[in-house]
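Novice: One structure follows; several queries about it will come next.
Read the figures in this text as sums done on the coordinates, not as results from a lab. Here the structure is a predicted model, which is why all the values come from computation and not from measurement. FYI the Cβ positions are ideal-geometry reconstructions off the backbone, even for glycines, and counts take in every protein chain you see.
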Amino acid sequence: MNSAPRGCLCRAAYCVPTIRLAAVLAACVMATACHRHDDGRNAPSPSASATVDRLAPGELVDGPLRAFDLKLPEGMQIREAFGTVVYAWGPVDPMRLANYLRAQVKGGSISVGAAATVFDQVTVPADAKRILRLRVDAAGQGRSAHLEVRDVTPPPPQPAADDAERWKRAGLTPDGKLIDPAHLH
């Protein structure tokens, strides 16, 4: 009768079972194959690695809504929209909203006051021909903001047929007199 352990291929009484031996050998081979010294030659260069975009604390991100091609930040809601004006509101800090808008617009002037920040005669890169006036007001004890976006683009000039037509549109005769003196302001 054989006194070798069950699963042993040899007939000796002192034999290690084959399955255990194979597992130990496989583990040793894998451990030595995976061990590698990294000297930095195979590391990707900093320019090849993807840059991580991180927001500053409290920085606003673009939301899905737009007012005259101006991106509104996440959390802003359009309350009313008419032909030339859009009113929006959101639970955002008014100063952070003003800083967000400052990065969105070009040109014009910005005046910061105690009650509001006004962006006058600014444009949005998506529609550089449209001139906007933005006003940011604090609401809710400064914890939220109102935004007024007004399209102040002047209408295109009407082509006049001749000088007489231009005088008539101004309410004057070609010699500079009023057409209808009864309708004086």
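Novice: Which distance in nm do the two modelled labels at Gln121 and His183 give, with both placed 7 Å along the Cα-to-Cβ direction?
Specialist: 3.2
Novice: Now for a different question. Would you mind computing, in nm to one decimal, how far apart the modelled labels at Asp137 and Leu172 are, each placed 7 Å from Cα along Cα→Cβ?
Specialist: Distance between the two pseudo-spin positions: 3.9 nm.
Novice: Could you put Phe119, Phe68, Phe82 in order, starting from the residue whose Cβ has the fewest other Cβ atoms within 10 Å?
Specialist: Numbers: Phe119 22, Phe68 19, Phe82 9.
Starting with the residue having the fewest Cβ neighbours, the order is Phe82, Phe68, Phe119.
Novice: How about Lys71: which aspartates and glutamates have a C-alpha closer than 14 Å to its C-alpha, ignoring those fewer than 8 places off in the same chain?
Specialist: Asp62, Asp127, Glu148
Novice: For Leu65, list long-range residues whose amide hydrogen, built 1.01 Å from N in the peptide plane, is under 5 Å from its own amide hydrogen.
Specialist: Placed amide hydrogens put Leu72 under 5 Å from Leu65.
Novice: Here's another thing I want to ask about it. Return the sequence-ordered ³J(HN,Hα) values of region 138-147 in whole Hz as given by the Karplus equation 6.51 cos²θ - 1.76 cosθ + 1.60 applied to θ = phi - 60°, using x for Gly and Pro.
Specialist: Result, ordered by residue: 7, 9, x, 6, x, 8, 9, 9, 9, 10 Hz.
Novice: Starting from a Cα-only point model with no solvent, please compute log10 I(q)/I(0) by Debye for region 62-151 at q = 0.12, 0.15 1/Å.
Specialist: Listed by q, the Debye log ratios stand at -0.30, -0.47.
Novice: If you don't mind, there's one more thing I want to ask. Cross-link candidates for Lys177: which aspartates and glutamates have Cα within less than 18 Å, leaving aside residues fewer than 8 places away along the same chain?
Specialist: Counting by Cα, and skipping residues close in sequence, Lys177 has these aspartates and glutamates nearby: Asp162, Asp163, Glu165.
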